[in-house]
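Each value in this text was obtained by applying a stated rule to the coordinates, not by laboratory testing. Quantities reported herein were computed from a predicted structural model and do not represent experimental measurements. All Cβ positions, even for glycine, are placed from backbone atoms using ideal geometry, and neighbour counts span all protein chains on display.
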Number of protein chains: 2
Amino acid sequence: MDIALLNNDTIVALATPQGIGAIGVIRLSGEEAIAICEKVFATKNLRKKDLNKQASHTIHFGVIREGDILIDEVLVSLFKAPNSYTGENIVEISCHGSKFIQQQIIQLLIKQGARLANQGEFTLRAFLNGKLDLSQAEAVADLIASNSSTSHQVAIQQMRGGFSNKIKLLRQNLIDFASLIELELDFSEEDVEFADRSDLKKLVSSIQRIVQRLIDSFEVGNVIKNGIPVAIVGKPNAGKSTLLNVLLEEDRAIVSEIPGTTRDVIEDELNIDGVLFRIIDTAGIRNTTDIIESIGVEKTFEQIKLSSITIYLFDAHEMTTSELEIEIEELQLHLHNSQLVLVANKIDKEDEEYIRREFSEFPNVLFISAKERFYIDDLKKHFIKLFDDRIINITETVVTNTRHVEALRHTNSSLIRIFDGLNHNVTGDFLAMDIRQALHHLGVITGEISSDDLLANIFSKFCIGK
Amino acid sequence: MDIALLNNDTIVALATPQGIGAIGVIRLSGEEAIAICEKVFATKNLRKKDLNKQASHTIHFGVIREGDILIDEVLVSLFKAPNSYTGENIVEISCHGSKFIQQQIIQLLIKQGARLANQGEFTLRAFLNGKLDLSQAEAVADLIASNSSTSHQVAIQQMRGGFSNKIKLLRQNLIDFASLIELELDFSEEDVEFADRSDLKKLVSSIQRIVQRLIDSFEVGNVIKNGIPVAIVGKPNAGKSTLLNVLLEEDRAIVSEIPGTTRDVIEDELNIDGVLFRIIDTAGIRNTTDIIESIGVEKTFEQIKLSSITIYLFDAHEMTTSELEIEIEELQLHLHNSQLVLVANKIDKEDEEYIRREFSEFPNVLFISAKERFYIDDLKKHFIKLFDDRIINITETVVTNTRHVEALRHTNSSLIRIFDGLNHNVTGDFLAMDIRQALHHLGVITGEISSDDLLANIFSKFCIGK
């Protein structure tokens, strides 16, 4: 995508997913959108209709035709600039959900002067026309990709400008600060200090603390977006795959209340109360034969290292307490940042009270029967508890985007340099340089500062039609 | 689907295909559609909006929310009864193309009193509310499934009532006829003949001819809908797979002008100038090793028997004319209704003129080079010519639906019985019985006569949301 080539031409694309469905929506955006649609649209009785004279936000029933050949009966929705997603004239043609028909209509609109849209070009135009800032535009893509209520909440907050407002406020604070410093520079020969240095230090350090908190939130943001990595390990007969199936099955049952949705479910993602957990390399976990003596196997250690939570599952009536102690010791060598959860399985096989007493010396053992589905809810609650413990108040702003966290890290470095500068009484012009850098990096997040390459990179990740 | 249970409750379903896209559309239909949407809809600034007071065919920007939790920014389109697809109040919610969001919104609407729609239930309601007759409703499903311009044209004509009008006209003619006969019955004791028997015979025979023509059109209709079956046979070294690839590739190149559409292309369907050709069992054809000495192999004969066109491909510089004669003789034993096309391949390898002269005794040989793509267009034109020859003027009404052709065959039997009856001077009451049967069968097509089972069967083939 060559941003430099962007202009006011009218773009067209299918806005709904490919595939057969009841309806599909084709979207046109640009100055000529309504005029182009008018050329191929007629009323049900094949009369012309002056769409340009119709009000914005109205819907018109009719047909799309090429000469005498009818292509489809459609609904045409009109959105007049600037009251549309892109800020341009938009026409949405709602046709039957047939790929053939959709292709015919798109080809026809191209013949009439529209151009097939690039990926993300509708949202890019929304950005260029000031309808969204850059971080809001990015949130649109996140929103579409979101698959749990937490990732969804973070994305929708960001799309509605929550994050942008925070960044803009920080930027405004810095600009206020900068203007004081710049004023000093103007009068530098007179050696006046307009800005009280200790007040400045307080201001910078408060900004820096907020930036740091945003950077720290990325760890949470990342797991919210991609799922919390969980490793389930244990000996071959511990019941790992039964447990996994029980967890996945219950999850899937919820999903499939809407018929037809299970098709795309990624097997090894667990959605518990709206929080996404991701099982690492379950192929390995499921195929238990190759991890006999799994503790000690390289692969399992890798799984543990990559995870935030490690479930150690064991067969409660085969495992002795001394054996368990050894296992835990060995596991702890490999946990890194992963939290260990001990889960005793198969409590249905023996007297439950006896088992609970036997392992009472280990304070944090959960007792379940995967096969009989005993205490599975408790286990799930524990997952959520671990997630909550790991931080999080998602009503606070959470950074989920690598590009944003990078920009914040650069901002932070500049802020630390400013703070050091203030401590060492460097002159205003040095401070001003760092302030300008900090402002630059914050501006990159919302797109007040942007380059063609950056935009191309961001919008190429969108689907066509968005 | 229990038709008897249908009522005015409000139904909801995703109307766009599953999958990630820019937008998805959720459709609500029923008396409470607008009221239910209002409960979860708010303006962008989170104020309530009285959707019921808004005009039909208008679009409203805002958010869907559950309490304080925002689910998405959406566009809501209103269609007020009876001016909608179903004839009921309809609300279409255009949300972001995320499965997660769509599920959330649908679940929320269900909580507020909507019910998840059955397959085809929107169109069923359109039928029950008199917005479409049954054959038009069936055409909606055909239209969505259509994948060539011919199948599309037939479906759209049918959807717009072309076929229904023809059937209704036939029915009206029969009713006029019946009323004369019934009148006779009323005065049967007086032994009067209100209807001139020879006029009656003319009328019945003209109706019967039209019905017969419609029945005959089913052969075409069926190939239009499902593609014309083509078998490509020949010895292993003849170049069958090269030819197939050349044909499919060119076809695919057209399709892929719209990015992202190739994914679902069925490999062995050829769309030539809007006519669909279907290659039978090309797995067998491609895997040439198992059809060495292919002529003579059971499988190949089956392919030929199932096809409308048989391409016999041979290597022009390996095949002798006497050999070819033998091959043709053997092929002809198995052609049944399939048309044979002889295609000489690899004409690039030798002097073209020489080859053409060599096979000049065979009047209908096409000469190509699959490898060099010589004369491929001529071959394609020949495919189309064969299609045209096999009949067809698709501006005439074509029957594509097995259910319709069955009803027409029953109608035809009744008409023939009436005609015979007239010839044998049977009494009016016998004629009337057959007329009523003919009327019944015609009525079944448009749904003037229908049963719950029939409706359930038809609409269960639809997708949810249609």
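For the pair A:Ile376 and A:Asp68 in one chain, pulling the backbone fully straight at 0.36 nm per residue adds 104.5 nm over the alpha carbon distance.
Adding -39500 (n - 2.57) for every DSSP H run of four residues or longer, then dividing by how many residues chain B holds, sets the calculated 222 nm ellipticity at -15000 deg cm²/dmol.
Hey, could you get me the Stokes-Einstein D for the stretch B:3-132, Kirkwood radius over alpha-carbon pairs, 25 °C and 0.890 mPa s, rounded to whole µm² s⁻¹? Intermediate results must be reported in sequence, preceding the final value.
On the way: Rh = 14.6 Å.
After rounding, the answer is 168 µm²/s.
Among the GluC sites (Glu not before Pro) within the stretch A:344-374, those in coil by DSSP and having at most 15 neighbouring Cβ atoms inside 10 Å are A:Glu350, A:Glu361, A:Glu372. Between B:Ile272 and B:Phe277, the built amide H atoms are under 5 Å apart, and every one of these is 5 or more places off in sequence or on another chain. Close amide H pairs (under 5 Å, H built 1.01 Å from N) link A:His96 with A:Gly24, residues at least 5 positions away or on another chain.
For the stretch B:3-132, what's the relative contact order in percent, using C-alpha pairs closer than 8 Å and at least 6 residues apart? Relative contact order of the stretch B:3-132: 30 percent. Shape of the stretch B:295-421 from its Cα gyration tensor (a ≥ b ≥ c, root eigenvalues): rounded if a/c is under 1.5, otherwise prolate when a/b > b/c, or oblate? Verdict is prolate for the stretch B:295-421. Relative to the current alpha-carbon distance between B:Asn52 and B:Glu350, full extension at 0.36 nm per residue lengthens the span by 99.5 nm. What separates the B:Lys305 label point from its copies, with the point 7 Å along Cα to Cβ, is 6.4 nm, written shortest first.
Within the stretch A:15-62, the trypsin sites (Lys or Arg not before Pro) that combine a DSSP coil assignment with at most 12 other C-beta atoms in a 10 angstrom radius are A:Lys44, A:Arg47, A:Lys48.
Placing a label point 7 Å from the Cα of B:Arg409 along the Cα-to-Cβ direction, the distances to the matching points in the other copies come to 7.3 nm, shortest first. Simple spin-label estimate for B:Glu302 and A:Leu169 gives 7.3 nm between the two label positions (7 Å along the Cα-to-Cβ direction from each Cα). With θ taken as phi - 60° and the Karplus curve 6.51 cos²θ - 1.76 cosθ + 1.60 applied, the whole-hertz 3J(HN,Hα) list for the stretch A:360-373 is 5, 6, 8, x, 10, 8, 9, 10, 9, 10, 4, 4, 8, 6 Hz, x standing for glycine and proline.
Past 22 Å, Cα to Cα: identify those pairs from B:Lys225/B:Lys381; A:Lys48/B:Lys225; A:Lys48/B:Lys80; A:Lys49/B:Lys168; A:Lys299/A:Lys349, in the order given. Table pairs above 22 Å Cα-Cα are A:Lys48/B:Lys225; A:Lys48/B:Lys80; A:Lys49/B:Lys168; A:Lys299/A:Lys349. Each copy carries A:Ser198; placing its label point 7 Å along the C-beta direction from Cα gives inter-copy distances of 12.6 nm, listed from smallest up. In the protein assembly as shown, what % of DSSP beta bridges are antiparallel (nearest 5)? DSSP beta bridges in the protein assembly as shown are roughly 65 percent antiparallel.
Here the 3J(HN,Hα) profile of the stretch A:230-238, calculated from phi with Karplus coefficients 6.51, -1.76 and 1.60 at θ = phi - 60°, is 10, 9, 9, 10, x, 5, x, 8, 6 Hz, Gly and Pro shown as x. Taking a ≥ b ≥ c as the square roots of the Cα gyration tensor eigenvalues, with a/c under 1.5 meaning rounded and otherwise prolate when a/b beats b/c, else oblate, which class fits chain B? It comes out oblate by the Cα gyration axes.
Take each residue in B:95-108, count the other chain C-beta atoms within 10 Å of its C-beta, and the mean is 6. Rounded to whole numbers, the Karplus 3J(HN,Hα) couplings from phi for the stretch A:100-111 are 4, 5, 4, 4, 4, 5, 4, 4, 5, 5, 5, 4 Hz, using 6.51 cos²θ - 1.76 cosθ + 1.60 with θ = phi - 60°, and x at Gly and Pro. Summing Cβ point charges (Lys, Arg +1; Asp, Glu -1) relative to the Cα centre of the protein assembly as shown gives a dipole of roughly 2440 debye. The label-point distance for B:Ala42 and A:Asp176, in a model that sets each label 7 Å from Cα toward Cβ, rounds to 2.9 nm. Its relative contact order, with pairs defined as Cα atoms under 8 Å and 6+ residues apart, puts chain B at 19 percent.
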